[in-house]
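Remarks on the structure that follows.
None of the figures in this text is laboratory data; all of them are computed from the coordinates on show. Since the model is a prediction, treat every value here as computed from it, not as a measurement. Using ideal geometry, Cβ is built from the backbone for each residue, glycine included, and neighbour counts are taken over all protein chains shown.
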Amino acid sequence: MNKLENFVAGKWITGDGEGQPLYHAVTGEAIARASSKGLDFRSMTSFAREVGNPALRKLTFHERGRMLRALAQHLQQELPHFYEISYQTGATRADSWIDLEGGIGNLFSYASLRRKFPNLPYTVDGESHNLSKGGTFMGTHLLVPKEGVAIHINAFNFPVWGMLEKLAVNWLAGMPAIVKPATVTSFLTEAVVRSIISAGILPEGALQLICGSAGDLLDHVQSQDVVTFTGSAATGLKLKSHPAILRESVPFNMEADSLNCIVLGQDVEPGTADWDVFIKEVRKEMTVKAGQKCTAIRRIFVPEAKLEAAWQSIAGVLQQTTIGNPKNEKVRMGALAGQTQKAELLDQVNKLLAASQLVHGSLDSVELIDADPAKGAFISPLLLVNDQPFRQTASHEVEAFGPVSTIMPYKNAEEAVALSRMGKGSLVSSIVTSDPVLARNYVLGAGPWHGRILVLNQACARESTGHGSPLPLLVHGGPGRAGGGEEMGGIRGVKHYMQRIAVQGSPDMITAITQTYQPGATGRFDRVHPFRKYFEELEVGDQLLTGKRTVTEADIVNFGNLSWDHFYAHTDHTSLEGTLFEKPVAHGYFVLSAAAGLFVDSSAKGPVLLNYGIDELRFVKPVYAGSTIQVRFTCKEKIEQEKKLDTDLPKGIVKWMVEVMDETGEQVAIATILTMVQKRLDEPTK
């Protein structure tokens, strides 16, 4: 029998001893053994910190992002192999798609997110703040990669997605990882990690793998490390309270299985499109991955007058769900991950049945296609009814981790919110309604108790990713029982693996550190106009002080006629009493246009390819006829752009600070404009 290996300090190592046997979820045969006995977990953490961390920290966000993209492209080529192994976990093709291609999709998403960061190993976090009257002292916030290792302890239900959705984030942030998958499905995780390592894309020490027990791994965590956990709330609590984690104040992100719920709005009637959306969503969440999802619907709340119609409709579609060998194209629901998971599920269902009635399915028999119920870990979908949800509370306390849901009645919208809260915190809740008032009240009332809320109806159902699908750019987590943590979430997730620091100093010093020009910093002047410089030649702080222009009444009238903007403040001398203006004021967009006329170099064609847009624009003081304006024009930030095609011009985006001042030296407008600037054709480009 094949024995899984652990990837430790750059080498594949077999654990000592017999190891834990792993079984085929469909046939029941033993397929592998897993052991981490004998591994030196202290050395693993040291290797990650001393080898993997420096290698990743020195890379820029853009380099890390390109690394993720290359890795995702590599894994795509291996998908046929992964699908074949995934079948052994009991997953159908559709189930495996979520796990495999969903996980790879996370790599692609975070690879693209690199564009939201500078081409530096660190980034500015938020706005800068002037801290002095004279403008010589200021502060800002930076995010720098932590100097530790991310330790991921993952659940059995998504052996690939659960790994990649976390790795994508910590790698983009600049931290290495040690992955400890749940042992029962670790054979699939090991296959994917083998492929990752063989690609040679990651720096040494960026990834290590443990197949088997975590041993004393957490004894060796330090303050710069991050620990994440996905699994049961009980196990999560035990890990979260580990003495080393408490002693070292190690960030611990927990995503626990929870009693997620769906609410059928009072406005939805049987036979309508929204009713069909509701029934379809419940069926999908009960049967996809055989209900083995941390986000699956466990509680179903419907108006009491529609309780019977709802459970009969759900039972009807569940009856049509074909169960059996996932390789058979007629099968729509596969097996649980193993007999252990099945035994645990049945134990929890029996607890639920003490206060609920089984209205669909069977605990001891199931009709299968091309599979043996005595060998595989199969079970039919189970639908329960609890008609006294405020008195019989087991439905809000016990989770059966499989194709099991309990339907319960409510009298009014307030009761629906109250019932949703009784789960004491969940990853996700949904409400099916087309009533915006009902939707808003539910979101606000239930929001503090759920990490994500899906408002579902016929308007979005066709393109909705569904109740149970976490997305890379949205946070995945929830309060209370769900763990109180957050995963993914786009930029938010990256910050979890970085240290936020407040940096104080002079504008010149903060400009040098952040590589972003700060107001009040010393500019650099030379005889070459900034628009005559190629991208590589420009430096943050390059500055131009333009000539001057006096605004006339004719300018204001002509701009109004050209733009058709005849707002009274620009044109009517008789309507200004009680307003902010002494006399007709120049259009703000005229002031910006006139400023452009002052700072643009029109002498000849240059490296500036086009105007890319405006990020910020404020008009801070009125400009009247007779005022004289001047512009201080400064290179604020440079953003690398990659060539999409070999034929593309090499180029980057430059942000410019535009400060428009009047004859008194006071600002009348301030903006950040962007230009696309060509790189030199004779220089090597990334």
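Could you work out how far apart the two model spin labels at ALA55 and GLU539 are, taking each label as a point 7 Å from the Cα in the direction of the beta carbon, and quote it in nm?
For ALA55 paired with GLU539, the spin-label model returns 3.5 nm.
With both partners inside the chain, how many of the DSSP beta bridges are antiparallel, as a percent to the nearest 5?
Around 60 percent of the beta bridges assigned by DSSP in the chain are antiparallel ones.
Which cross-chain or sequence-distant (5 or more) residues have an amide H under 5 Å from the amide H of VAL503, H modelled 1.01 Å from N in plane?
Here THR140, HIS141, LEU142 satisfy the definition.
What does the net charge come to around LEU172 if you take all other residues with beta carbon closer than 9 Å to its beta carbon, with K and R at +1 and D and E at -1?
Summing Lys and Arg as +1 and Asp and Glu as -1 gives +2.
Which order do the peptides 455-462, 558-565 take when ranked by the mean count of other beta-carbon atoms within 10 Å per residue, highest first?
Ranked by mean Cβ neighbours within 10 Å, highest first: 455-462, 558-565.
Give the separation of the Cα centroids, the range 555-576 to the range 345-396, in Å.
Each part's Cα centre sits 73 Å from the other's.
What ³J(HN,Hα) values, in whole Hz, does the Karplus curve 6.51 cos²θ - 1.76 cosθ + 1.60 give for the range 212-228 when θ = phi - 60°, with x put for Gly and Pro?
Running phi through 6.51 cos²θ - 1.76 cosθ + 1.60 with θ = phi - 60° gives x, 5, 7, x, 9, 3, 5, 5, 10, 6, 10, 5, 8, 7, 9, 10, 10 Hz.
What whole-number distance in Å separates the alpha-carbon centres of the range 130-164 and the range 626-686?
Comparing the Cα centres of the range 130-164 and the range 626-686, I get a distance of 29 Å.
Could you work out the local net charge near THR14, counting Lys and Arg as +1, Asp and Glu as -1, over the other residues with Cβ closer than 12 Å to its Cβ?
0
Calculate the FRET efficiency for GLU414 and SER464 from the Cβ-Cβ distance with a Förster distance of 35 Å, rounded to the nearest 0.05.
It comes out at approximately 0.85.
Amide H to amide H, which residues 5 or more places from ALA32 or on other chains are under 5 Å from it, using H placed in the peptide plane?
LEU22
Mind jotting down the distance between the C-alpha centroids of the range 242-318 and the range 57-90, whole Å?
With the range 57-90 and the range 242-318 each reduced to a Cα centre, they are spaced 30 Å.
Once phi is turned into ³J(HN,Hα) by the Karplus curve 6.51 cos²θ - 1.76 cosθ + 1.60 with θ = phi - 60°, what whole-Hz value does each residue of the range 173-183 show in order, with x for glycine and proline?
Once θ is set to phi - 60°, the couplings for the range 173-183 become 6, x, 10, x, 9, 10, 9, 10, x, 4, 4 Hz.
If you place +1 on the Cβ of every Lys and Arg, -1 on the Cβ of every Asp and Glu, and leave all else neutral, what size is the dipole of the range 261-471 about its Cα centre, to the nearest 20 Debye?
Its charge dipole is roughly 480 debye.
Would you calculate the separation in nanometres between label points at LEU649 and ASP16, each defined as 7 Å from the Cα along the Cα-to-beta-carbon direction?
6.6 nm
Could you name the lysines whose alpha carbon sits less than 25 Å from that of LYS548, not counting residues in the same chain fewer than 8 places away?
Candidates past the 8-residue exclusion: LYS533, LYS583, LYS605, LYS621, LYS636, LYS655.
Using DSSP, restrict attention to beta bridges with both residues in the range 261-471 and report what percent are antiparallel, rounded to the nearest 5.
10 percent
If you take every residue apart from ILE262 with its C-beta less than 12 Å away from the C-beta of ILE262, what net charge results, scoring Lys and Arg +1 and Asp and Glu -1?
In short, +3.
With r defined as the distance between the Cβ atoms of THR672 and SER365 and R0 fixed at 56 Å, what FRET efficiency is calculated, to the nearest 0.05?
0.25
Note down the relative contact order for the chain as a percent, whole number, built from C-alpha pairs under 8 angstrom at least six residues apart.
12 percent
Given H placed 1.01 Å from N in the peptide plane, which residues other than close sequence neighbours of LYS679 have an amide H under 5 Å from its amide H?
Placed amide hydrogens put PHE535, LYS651, GLY652 under 5 Å from LYS679.
Which label belongs to the value computed from this structure, given these candidates for Cα extents along the principal axes in Å: (i) 106, 64, 48; (ii) 103, 52, 44; (iii) 91, 62, 50?
Label (iii) holds the value from this structure.
Out of ILE556, ILE513, PRO530, whose Cα points farthest toward the positive end of the dipole of the range 506-602 (charges: +1 Lys, Arg; -1 Asp, Glu; placed on Cβ)?
Projecting each Cα onto the dipole axis, the largest value belongs to PRO530.
Angle between the Cα long axis of helix 186-199 and the longest principal axis of the chain, 0 to 90 degrees, nearest 10?
Helix 186-199 sits roughly 40 degrees off the main axis of the chain.
Please sort by residue number the trypsin sites (Lys or Arg not before Pro) in the range 371-452 whose DSSP state is loop and whose Cβ has at most 12 other Cβ atoms within 10 Å.
Within the range 371-452, the qualifying trypsin sites (Lys or Arg not before Pro) (loop, at most 12 other Cβ atoms within 10 Å) are ARG391, LYS411.
Calculate, in nm to one decimal, what HIS566 and VAL144 gain on full extension: separation in residues at 0.36 nm each, minus their alpha carbon distance.
The HIS566-VAL144 span can extend by a further 146.9 nm.
Which stretch or stretches of the range 227-262 have amide N atoms under 18 Å from the point lying 7 Å from LYS495's Cα along the Cα→Cβ direction?
Residues 251-254 qualify, since their backbone N sits under 18 Å from the label point.
So how tilted is helix 273-287 from the main axis of the chain? Cα-based, degrees 0 to 90, rounded to 10.
Approximately 60 degrees, to the nearest 10.
Roughly speaking, what is the stretch gain from ARG391 to ASN328, that is 0.36 nm per residue apart minus the C-alpha to C-alpha distance, in nm to one decimal?
18.3 nm
Using Cα atoms only, what is the angle between the long axis of helix 588-599 and the major principal axis of the chain, expressed in degrees (0 to 90) to the nearest 10?
70 degrees
What is the dipole size for the chain, taken about its Cα centre, with +1 at each Lys and Arg Cβ and -1 at each Asp and Glu Cβ, in debye to the nearest 20?
My answer is approximately 940 debye.
At 222 nm, what helix-only mean residue ellipticity would the chain give, in deg cm²/dmol to the nearest 500, using -39500 (n - 2.57) for each DSSP H run of four or more?
-9000 deg cm²/dmol
Along the Cα-to-Cβ line of ARG194, 7 Å from the Cα, sits a label point; which residues in the range 136-165 have backbone N less than 19 Å from it?
Correct set: 159-161, 163-164.
For ILE639 and LEU473, FRET efficiency with R0 = 25 Å and r from the beta-carbon atoms, rounded to 0.05?
0.80
How many nm is it between the label spots at LEU576 and ARG680, if each spot is 7 Å from the Cα in line with the beta carbon?
Those two pseudo-labels are separated by 5.2 nm.
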